[in-house]
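J.: Please read through the structure below; I'll follow up with questions.
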Amino acid sequence: MRVLRRTLGTLLVLGLLGGCLSCAAARGDDAGPGDRRAEAPAPYEQLLPAPASVRAAGPGYPLGPGTVIRTGPVGDDEVRRVGELLAEQLRGPTGLPLPVVEGLEGTAGAGILLRIDARAEGVGEEGYRLESAPRGVTLTARTPAGLFHAGQTLRQLLPPAGAGTVPGGQITDAPRFAYRGAMLDIARHFFPVEQVKRYVDQLARYKVNTLHLHLTDDQGWRIAVDSWPRLAEYGGGSEVGGGPGGHWTKDQYRDLVAYAAARYVDVVPEIDMPGHVNAALASYAELNCDGKAPERYTGIKVGFSSLCVGKDRTYEFIDDVLGELAALTPGRYLHIGGDEAHSTPAADYAAFMDRAQAVVGKYGKTVVAWHQLAAARPAPGAVLQYWGHDKTAAAEKAAVAAAAKAGHPLILSPADRLYLDMKYDATTKPGLAWAGYVPVRRAYDWDPGTYLAGSGVPASAVLGVEAPLWTETIATRPDLEFMAFPRILGLAELGWNPAPPDWSGYSRRLAAQAPRLDAESITYYRAPDVPWP
Ligand code: ACM
């Protein structure tokens, strides 16, 4: 048994008695302020998101030159692929060869085993069991997605560099919410696919399973559309501040979607409408009510552009665009924006959104829209993304609550909690502050289940959480990562772990991620109230 650390004594004793550790670990009961900085939690207490149930027990499995990753059942290509990806992720830090072989028979638990068990209990569709003992580590799940998430937990149980030992113990884990998302705005500033893949890797590591891409806005159109080529070619050729912008080809987009899918991250594409469309209006004069194309726009105002609601050509346009986008999208959702349509009269807005939602349905997809759709006529099954904040008007929240009670699932992205472009405090250089500052603690310390309960939203309406990163002021990878990290880990924790928020325990687990973030050269914000090593 490893050396007991003082702050973990209580937890490990509970563990030896066979008690559930995660509850106490998550509460961080005995973490006095005086000893916080000195003591790093033991591996099972460092996990982020914290698993639903953890039991540390006995000696663990030392990875070595002979360690093999075994996948089963034989012939299950997807499980084998998950095993190959895990091997790839572990080879760098461990320096071990980690060959992958199919088949579990006769191995008696030797090595790292990935196995599907359709009857595994307590793990749901995305969860897993992890068992570590001297002969090996067994990961069990009902689905390959569950095995992938198990692999990410395994990575966190090993040191950031070197081979190390997976400590002895068992985890049974499953997420609280099905939807655990991050949004990236590549319209205000363009980002290349390689940068977004890097973000996908970082998200998947913490079990975030959705990447919402804000592909179009006033300042740029970032995805190629064959039937309207000037959207990307001309409309993509600018960005905030007057830079060259850019766009992704369809092949690049497919490549990103496949890369994300291999990591069990679903890509939700957004074409924002009927507002936020200056890049489209600038590309095609015929989309404008007066037939005249405006200039491209490189500022950061919102709410000044609108599609021409009365024109048939507008609906041919959205049919073409959403049809091509649906064909690129294996996932179920298409996001059609619907926010800040300040230049579209309310009746026009509702009429337009009726037609746009019908187009999404025609292509077999489910609508996601910003919560302003609640005040119009959300289509059956449409998902609303709430981006209000503490000062949002009661009437606006009431409309969202009415939609939720009528069966519309909600994604919660409160701007004063989860907007990653809000500054941490007055000293933060990039970012905005219209919803207030969002310190690391504020991003984490709230409960999505009860967040809108006061407005009448039932917890059962909450599909999940998403942290948007708008890029009006963010143009570089260091700035992007500085704003996302470490707040995105708070999103990961809220989305996955079912325990009530507990800053003391969470902040210690967050601090323990520092060497891992450093190993990835992530320029994260070292919040002063987190006990970083
Ligand atoms: C938004 O922040 N306009 C959704």
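The values are calculated or read from the model by the stated rules, or taken from the named source; none is laboratory data. Predicted model, so just to flag it, every value in this text is computed and none were measured. Here the Cβ positions follow ideal geometry from the backbone for every residue, glycine too, while neighbour counts run over all protein chains shown. When the accessible area is computed, the model is the full protein with side chains, heavy atoms only, and any ligands, DNA or RNA have been set aside. Shrake-Rupley method; radii C 1.70, N 1.55, O 1.52, S 1.80 Å.
J.: Out of H214, H247, I need the residue that is out of contact with any helix residue (DSSP H, G or I) (no Cβ under 9 Å at 6 or more places or on another chain) and closer than 22 Å to Y333 by Cβ. Which one? Spell out how you get there, then give the answer.
T.: Values: H247 fails: out of contact with any helix residue (DSSP H, G or I) (no Cβ under 9 Å at 6 or more places or on another chain).
Just one listed residue meets the conditions, H214.
J.: Mind telling me which of the residues G361, G381 ends up being among the small types (G, A, S), away from the ligand (no atom under 14 Å from the Cβ) and in a helix (DSSP H, G or I)?
T.: Numbers: G381 fails: in a helix (DSSP H, G or I).
So the residue among G361, G381 that is among the small types (G, A, S), away from the ligand (no atom under 14 Å from the Cβ) and in a helix (DSSP H, G or I) is G361.
J.: Moving to a separate point now. Which is surrounded by 14 or more Cβ atoms within 10 Å (Cβ to Cβ), under 15 Å from I271 (Cα atoms), within 16 Å of the ligand (Cβ to nearest atom) and under 28 Å from the mean Cα position of the chain (by Cα), of E340, E324?
T.: Working: E324 fails: within 16 Å of the ligand (Cβ to nearest atom).
Answer to the selection: E340.
J.: Only residues that are open to solvent by less than 10 Å² (accessible area, probe 1.4 Å), of a type in the set (A, V, I, L, M) and closer than 17 Å to R155 by Cα: list them for region 66-84, please. Spell out how you get there, then give the answer.
T.: Kept after step one, since they are open to solvent by less than 10 Å² (accessible area, probe 1.4 Å), are these residues of region 66-84: 67, 69, 71-72, 79, 82-83.
Keeping just the survivors that are of a type in the set (A, V, I, L, M) gives 69, 79, 82.
Passing the criteria: I69, V82.
J.: For region 243-265, which residues satisfy the criterion of being more than 23 Å from D201 (Cβ to Cβ) and open to solvent by less than 50 Å² (accessible area, probe 1.4 Å)?
T.: Within region 243-265, G243, G245 qualify.
J.: A further question follows. Test of understanding: among P73, P43, which residue is in contact with a helix residue (DSSP H, G or I) (Cβ under 8 Å, 6 or more places away or on another chain), more than 30 Å from W503 (Cβ to Cβ) and modelled with pLDDT under 95? Write out each step before concluding.
T.: Working: P43 fails: more than 30 Å from W503 (Cβ to Cβ).
Going through P73, P43 in turn, just one is in contact with a helix residue (DSSP H, G or I) (Cβ under 8 Å, 6 or more places away or on another chain), more than 30 Å from W503 (Cβ to Cβ) and modelled with pLDDT under 95: P73.
J.: Between a residue in region 383-400 that is farther than 24 Å from E270 by Cα and any residue that is open to solvent by less than 10 Å² (accessible area, probe 1.4 Å), which pairs come within a Cβ distance under 6 Å, given they are 6 or more apart or on different chains?
T.: That search, which allows pairs on different chains as well, returns D390/D416.
J.: Can you pull out the helices (runs of 4 or more DSSP H) entirely within region 385-484 that have at least 3 residues that are more than 16 Å from the ligand (Cβ to nearest atom)?
T.: Qualifying helices (runs of 4 or more DSSP H): 394-405, 440-444, 477-484.
J.: OK, next. Given Y363, Y349, which one is within 16 Å of D272 (Cα to Cα), among the hydroxyl-bearing types (S, T, Y) and surrounded by fewer than 24 Cβ atoms within 10 Å (Cβ to Cβ)?
T.: Details: Y363 fails: within 16 Å of D272 (Cα to Cα).
Checking each option against the conditions leaves just Y349.
J.: Which condition breaks for I318 when tested against (1) more than 16 Å from the ligand (Cβ to nearest atom); (2) surrounded by 15 or more Cβ atoms within 10 Å (Cβ to Cβ); (3) free of Cβ contacts under 8 Å to residues at least 40 places away in the same chain?
T.: (3)
J.: Between V101, V123, V137, which is of a type in the set (V, I, T), closer than 22 Å to W496 by Cα and in contact (Cβ under 8 Å) with a residue 24 or more places away in the chain? Before the answer, list the steps.
T.: Values: V101 fails: closer than 22 Å to W496 by Cα; V137 fails: closer than 22 Å to W496 by Cα.
Residue meeting the stated conditions: V123.
J.: Cβ-Cβ distance below 6 Å, separation of 6 or more or different chains: which pairs start in region 405-418 with a residue that is under 18 Å from F177 (Cα atoms) and end on one that is of a type in the set (D, E) and within 12 Å of the ligand (Cβ to nearest atom)?
T.: Every condition considered, the pairs that remain are I411/E466; S413/E466.
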